[in-house]
Every structure is written in C-alpha cells, then in structure tokens.
Amino acid sequence: MKNALENKIQKRINAFISTLNEIISSYSNSLLELDKEVKESESKVLEHLKDLGIVI
C-alpha cells in the first residue's frame, strides 16, 4: 500500500515537473521572439523617421 501511494505521488510530481518545463520553454521562446520583433520594429521606425528628415 505504501509503495502504491509513493508511486502515485511520484507520478504526480513528474507530471508537475513536466508541465513546469513546458511553461518555461514556451515563455523563454516567446520572450526571445518578442525581443527580436521589437528590435526589427525599432529599426523600421528609425528608418521611416530618417526618411522624414527626423534623426534621433
């Protein structure tokens, strides 16, 4: 009985760890992608401002 309970607890812990790892992966990838998009947009805005004669 004790082993069965320990096995169930271990399975729940493993599932929880797996879920946490998925969350961490999805947020870290998204953050990197968002940072890249922001830098690209910033570049475009600066180019448009330059075309308008506004230099920052």
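Coordinate-derived values only; no laboratory data. Note that the coordinates shown come from a computational prediction; the quantities given were computed from them, not determined experimentally. For neighbour counting, all protein chains shown are included, and Cβ atoms are generated from backbone atoms with ideal geometry for every residue, glycine included.
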Going through Ile13, Ile56 one at a time, which residue ends up being loosely packed, with under 10 Cβ neighbours inside 10 Å and without any contact (Cβ under 8 Å) to a residue 24 or more places away in the chain?
Ile56
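Rundown of residues vs (1) touching a Cys at 6+ places or on another chain (Cβ under 8 Å); (2) of a type in the set (A, V, I, L, M, F, W, C); (3) assigned to a helix (DSSP H, G or I), yes/no style:
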position	(1), (2), (3)
Ala4	no, yes, yes
Gln10	no, no, yes
Ile17	no, yes, yes
Leu20	no, yes, yes
Ile24	no, yes, yes
Tyr27	no, no, yes
Leu34	no, yes, yes
Ser41	no, no, yes
Ile54	no, yes, no
